[in-house]
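Readers should treat all values here as calculations from the given coordinates under stated rules, not as data from a laboratory. It should be emphasised that the depicted structure is a prediction, and the values quoted were computed from it without experimental measurement. Here the Cβ positions follow ideal geometry from the backbone for every residue, glycine too, while neighbour counts run over all protein chains shown.
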Amino acid sequence: MRVLIVHAHAEAKSFNAALTEQAIATLTSEGHEVRVSDLYQMRFDPISDRRNFTTVRDADFLKQQWEEDYATEHDGFTPELQAEIEKVEWCDVLIFQFPLWWFGLPAILKGWVDRVFAFKRVYGRGRLYENAAFAGKRALVSLTTGGIGTMYTATGLHGEMEKVLFPIHHGMLAFTGFTVLPPFLSYAVAHGSEADRAEQLRAWDARLRALETTEPLQWAPRFAEIDEAGQDRLPRFLVQGTFTAEPTGIERLKAQGIVQAAQLSEDRRQGWLTVRAADAEAARESVRTLPFLTEPCPVAVRMV
Ligand SMILES: Cc1cc2nc3c(=O)[nH]c(=O)nc-3n(C[C@H](O)[C@H](O)[C@H](O)COP(=O)(O)OP(=O)(O)OC[C@H]3O[C@@H](n4cnc5c(N)ncnc54)[C@H](O)[C@@H]3O)c2cc1C
């Protein structure tokens with residue numbers, strides 16, 4: 001496979017740099033081709049304006065997406081940008097390596113996305129999500145944090161990491177066509193021991209070796225499933241029931257976009273699931289693999 005790592009850390013001795021070095025070593029040893037855009041080393045310019053283009057569609061009024069459209073048609077991206085776009089087009093897998101800054105991408109990497117994921121060349125005019133240019137490619141974010149993992153949970157101070165990453169996962173990567181793999185999270189790297197960090201590098205090595213077989217994240221609805229107002233054509237049902245055992249399959253159903261939300265009682269025996277399905281029977285059927293107590297299971301299904 002061809003892998004592009006976009007690396008966003010200014011310090012060559014940082015843990016982010018160690019993660020990128022590990023990725024290069026692991027992927028190369030697995031026989032993959034690896035290219036790295038080391039944004040600080042390249043002094044990548046994150047500002048998106050007329051300097052993106054060698055062409056001009058409208059000299060009086062800068063409308064970024066119109067200029068991107070025009071540049072796509074007239075081979076008008078500046079060489080620095082053209083090179084980055086071609087690297088993404090070249091790769092099968094895109095990896096973002098960065099420290100979490102203000103719950104998001106460092107500006108240099110956000111600027112890279114702003115400039116490289118150009119209208120018309122990559123997305124737009126009916127080409128969104130699974131129809132966009134990068135469909136068929138995989139993407140994976142590997143990030144480090146200052147905060148500890150328990151802070152990034154539903155009851156934690158910062159809220160769920162899944163929600164923090166949604167703008168990147170869904171709004172940038174899935175939006176432009178990528179199949180998104182679960183993130184690789186290195187929490188509180190500066191606070192742990194050398195041994196913790198060495199273990200984390202080993203875990204990264206293992207994740208990278210499983211790149212081709214890792215189950216991707218999924219979101220519903222897909223672009224093909226919406227109506228003219230951009231709404232999901234499928235309704236939601238509240239499914240309520242009692243479990244005989246720990247309902248471990250819920251996370252998988254969530255990842256598949258079938259269960260949209262789940263609430264469990266403290267003893268994890270009562271469940272209230274919001275299920276996306278065509279009708280009540282389909283909703284019931286789609287959660288049948290869970291260990292519900294009653295037959296027919298689950299107890300109550302109603303549209304919400
Ligand atoms: C502007 C800004 C905004 C921020 N916003 C957030 C936020 O929203 N949420 C949040 O949680 N955090 C936030 N942070 C904190 C930031 O995410 C962390 O500081 C960062 O993720 C730490 O990663 P690093 O690579 O810089 O660590 P470093 O400090 O570079 O490295 C950590 C340790 O790893 C060691 N190390 C390096 N290489 C290796 C190796 N090969 N093996 C073992 N150890 C090694 C280093 O020597 C160092 O001791 C923010 C920071 C800034 C500056």
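The figures follow:
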read-out	value
Karplus (6.51, -1.76, 1.60) ³J(HN,Hα), θ = phi - 60°, over the range 71-76, in Hz, Gly and Pro reported as x	5, 4, 6, 10, 6, x
Cα Rg, Dmax (largest Cα-Cα span) when computed across the range 144-215, Å	13.8, 38
The chain: radius of gyration over Cα atoms, expressed as a fraction of 2.2 N^0.38 Å	1.13
Computed lengthening from GLU251 to LYS63, 0.36 nm per intervening residue step minus Cα-Cα distance	63.4 nm
Placed amide H near GLY147: partners under 5 Å, 5+ positions off or other chain	ALA188
Efficiency of FRET between GLN231 and VAL304 - r from beta-carbon atoms, R0 22 angstrom, step 0.05	0.90
Proportion of all alpha-carbon pairs of the range 95-238 beyond 22 Å (%)	48 percent
Full-stretch length increase - ALA10, ARG202 - with 0.36 nm per residue and alpha-carbon distance subtracted	66.8 nm
Efficiency of FRET from Cβ geometry, ALA224 and GLN41, R₀ 45 Å, rounded to 0.05	0.65
Backbone HN-Hα couplings from phi across the range 163-180 [Karplus 6.51/-1.76/1.60, Hz, Gly and Pro as x]	6, 4, 8, 3, x, 7, 4, 8, x, 10, 7, 5, 4, 8, x, 5, 7, 9
Range of Cα positions in the range 145-304 per principal axis (Å), largest first	53, 42, 31
Cβ-defined net charge surrounding TYR152, 11 Å radius [Lys, Arg +1; Asp, Glu -1]	-1
Residue among LEU39, LEU290, LEU217 with the largest mean-square fluctuation in a Gaussian network model of the chain, springs linking Cα atoms under 10 Å	LEU290
Förster-model FRET efficiency, 45 Å R0, GLU162 and THR55, C-beta, rounded to 0.05	0.65
Under-5 Å amide H pairs with PHE77, H placed in peptide plane, nonlocal only	THR54
Placed amide H near HIS9: partners under 5 Å, 5+ positions off or other chain	LEU39, TYR40
Separation of the GLU194 and ILE148 label points, Cα + 7 Å toward Cβ, nm	2.3 nm
Spatial extent of the range 1-140: Rg and Dmax, with the Cα atoms as the point set, Å	15.8, 52
Integer Hz, Karplus 6.51/-1.76/1.60 couplings in order for the range 127-144, x for Gly and Pro	9, 10, 6, 5, 9, 6, 4, 8, 4, x, 9, 10, 9, 8, 9, 10, 9, 10
Sum of -39500 (n - 2.57) over DSSP H runs of 4+, divided by residues of the chain (222 nm, nearest 500)	-8000 deg cm²/dmol
Cα pair distances exceeding 15 angstrom across the range 79-122, given as percent	48 percent
Size of charge dipole - the chain - debye, nearest 20, with Cβ of Lys, Arg +1 and Asp, Glu -1, no other charges	300 debye
For the range 107-175 versus the range 55-88, the gap between their alpha-carbon centres in whole angstrom	22 Å
The range 134-239: relative contact order in percent, alpha carbon pairs under 8 Å with at least 6 residues between	30 percent
Summed side-chain charge close to ALA17 - residues other than ALA17 whose Cβ falls under 10 Å, Lys, Arg +1, Asp, Glu -1	-2
Cα long-axis angle, helix 194-209 against the chain (0 to 90 degrees, to the nearest 10)	90 degrees
Trypsin sites (Lys or Arg not before Pro) lying in DSSP loop within the range 96-193, provided at most 13 other Cβ fall within 10 Å	ARG125
Relative counts (whole %) of C-alpha pair distances in the range 216-260, using bins that are 10 Å wide	23, 43, 26, 8, 1
Cα-centred dipole magnitude for the range 190-304, charges only on beta-carbon of K, R (+1) and D, E (-1), debye, nearest 20	100 debye
Kirkwood Rh, Cα atoms: Rg over Rh of the range 238-304	0.91
Relative contact order of the chain, pairs being alpha-carbon contacts under 8 Å that are 6 or more residues apart, as %	15 percent
In degrees, nearest ten, helix 79-90 long axis to first principal axis of the chain (Cα)	40 degrees
Violating pairs (Cα-Cα greater than 22 angstrom) within the set LYS63/LYS137; LYS87/LYS163; LYS87/LYS120; LYS87/LYS137	LYS63/LYS137; LYS87/LYS163
Only Lys, Arg (+1) and Asp, Glu (-1) charged, at Cβ; the range 93-215 dipole about Cα centre in debye	680 debye
